[in-house]
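Structure first, commentary second.
The values are calculated or read from the model by the stated rules, or taken from the named source; none is laboratory data. This one's a predicted model, so the numbers in the text were calculated from it and none came from an experiment. Every residue, glycine as well, gets a Cβ built from its backbone with ideal geometry; the counts of neighbours run over all protein chains shown. Just the protein is used for accessible areas: all its heavy atoms, side chains included, with ligands, DNA and RNA removed. Shrake-Rupley method; radii C 1.70, N 1.55, O 1.52, S 1.80 Å.
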Amino acid sequence: MLTLQLPQIYCPFPTMLNPFAKEAEKHTTEWVSRFGLVKSEKAWERFRRAKFAMLSSRAFPTAGRYELCIAAEFNTWLFLLDDKNDESMFGKLDFLQMVHSFVGMILQNNRVVAPDEGMPLALSFEDLWKRMKRISSHAWQKRFVQSMTDYLDACLWEVENRIRHQAPTVADYIEKRPYTGALFADIELIEVLESIYLPDEVRMHETVVQLSLACNNVVCWANDLFSFDKERRQGDVHNLVVVLKEERDLSLEEAVAEAARMHDAEVRRFIALSESLPAFGAEVQEELQRYVTVLMAWMRANLDWSFQDTARYRMNITETASGNWLISRL
């Protein structure tokens, strides 16, 4: 067991929870069962304790029931893909190349072509894509396709690093991490799940782009703090704490503190950006503020889910007298 004091990371955003959370959890469990994504009783126990649907219920607080179920099942699909990749019997590179191929075929050609081993993931993703298309425009679909392609390309980059026994530099890791977390795909979902429609000139404005990136970094770097011991034990170097430790010759405690400092600085950058948004007109400004609110919800959701809901990271957490967290990993 590793016990480590982790500074309380900064996240001044309110906790939110979608009123359809319980229904989304039930629907997601039935969806996972229908497509055979979880089979053994041991795997089902891990699934029940992970509470994947709760993350989406916190992150998309005002989505409707139908839309929330899409979010919950999409993020569950991503988590189960990650687990399947970890336990893949036919090699991580082969596995991810297969996933990259069938996801591309579904997104571009509406066809499912996958070997038996990948069919549950392929058919469940096809179902998600059909449901997404019912509530989205062609322009949005093109953006989502690009986000998924970027995500799978980044996953292949990680695998190729492992094959070469090559650790990324801190700079390379920071550049790629927003893509390996698939959060850009989730950020694209804000439009269709929360019915927030920003004109292209607003969505692509540099301040708004940087807001989205800051949110992405905050979520991913916090996740790296929660999962670094699991990844370190697996020999995976794709973690902010690990790359900081190795490149800068830091102790584990120093690397954790630096990752937490970077996280907090990015939260403050997000706040500064949100307070300096250009004026786009009253109607657009209201939509943009709703968009910013969902980004805030995502950052708080990741923290609340990791510490309160899920058993995925197998952490015991005790708050110390100084206000820090004492993390015991079982």
Open item on the list: If a residue must be among the polar types (S, T, N, Q) and touching a residue at least 60 places away in the same chain (Cβ under 8 Å), how many such residues does the stretch 205-224 contain?
Closed with: 4
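Yes/no matrix, rows are residues, columns are (1) under 17 Å from Leu193 (Cα atoms); (2) touching an Asp or Glu at 6+ places or on another chain (Cβ under 8 Å); (3) open to solvent by less than 20 Å² (accessible area, probe 1.4 Å):
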{"position": "Ala71", "(1), (2), (3)": "yes, yes, yes"}
{"position": "Gln108", "(1), (2), (3)": "no, no, no"}
{"position": "Asp116", "(1), (2), (3)": "no, no, no"}
{"position": "Leu121", "(1), (2), (3)": "no, no, yes"}
{"position": "Ser136", "(1), (2), (3)": "yes, yes, no"}
{"position": "Arg164", "(1), (2), (3)": "no, no, no"}
{"position": "Ala167", "(1), (2), (3)": "no, yes, no"}
{"position": "Asp172", "(1), (2), (3)": "no, no, no"}
Task: Flag if Asn18 is farther than 19 Å from Phe184 by Cβ, within 19 Å of the chain's Cα centre (by Cα) and not aliphatic (A, V, I, L, M) - done: yes
Open item on the list: Could you check the stretch 139-168 and list, in sequence order, the residues that are more than 25 Å from Asn110 (Cβ to Cβ), part of a helix (DSSP H, G or I) and in contact (Cβ under 8 Å) with a residue 40 or more places away in the chain?
Closed with: Glu158, Val159, Glu160, Asn161, Arg162, Ile163
Task: the stretch 273-314 - residue that is part of a loop (DSSP other than H, G, I, E, B), farther than 21 Å from Asn216 by Cα and without any contact (Cβ under 8 Å) to a residue 40 or more places away in the chain and, of those, least open to solvent (accessible area, probe 1.4 Å) - done: Gly281
TODO: Could you grab the pairs with beta carbons closer than 8 Å, sequence gap of 6+ or different chains, first residue in the stretch 187-204 and polar (S, T, N, Q), second one part of a helix (DSSP H, G or I)?
DONE: none
TODO: Just name the residue that is surrounded by the most Cβ atoms within 10 Å (Cβ to Cβ) out of those in the stretch 8-67 that are of a type in the set (Ser, Thr, Tyr) and not in a loop (DSSP other than H, G, I, E, B).
DONE: Ser56
Open item on the list: Which condition from (1) surrounded by 17 or more Cβ atoms within 10 Å (Cβ to Cβ); (2) not in a loop (DSSP other than H, G, I, E, B) is the one that His238 breaks?
Closed with: (2)
TODO: For Leu96, work out the one condition from (1) open to solvent by less than 40 Å² (accessible area, probe 1.4 Å); (2) modelled with pLDDT of 95 or more; (3) under 26 Å from Gln141 (Cβ atoms) it doesn't fulfil.
DONE: (2)
TODO: Output the number of residues of the stretch 245-259 satisfying the condition of being surrounded by 21 or more Cβ atoms within 10 Å (Cβ to Cβ) and touching a residue at least 40 places away in the same chain (Cβ under 8 Å).
DONE: 1
Task: Residues (aliphatic (A, V, I, L, M), more than 21 Å from the chain's Cα centre (by Cα) and assigned to a helix (DSSP H, G or I)) located in the stretch 99-136 - done: Met105, Ile106, Met119, Leu123
Task: Matching entry among Ala185, Ala171, Ala214, Ala222 (being assigned to a helix (DSSP H, G or I) and closer than 15 Å to Leu78 by Cβ) - done: Ala185
Open item on the list: Just to check your reading of the model, which residue among Val202, Val209 is under 20 Å from the mean Cα position of the chain (by Cα), outside any loop (DSSP other than H, G, I, E, B) and either surrounded by 22 or more Cβ atoms within 10 Å (Cβ to Cβ) or of a type in the set (A, V, I, L, M, F, W, C) (or both)?
Closed with: Val209
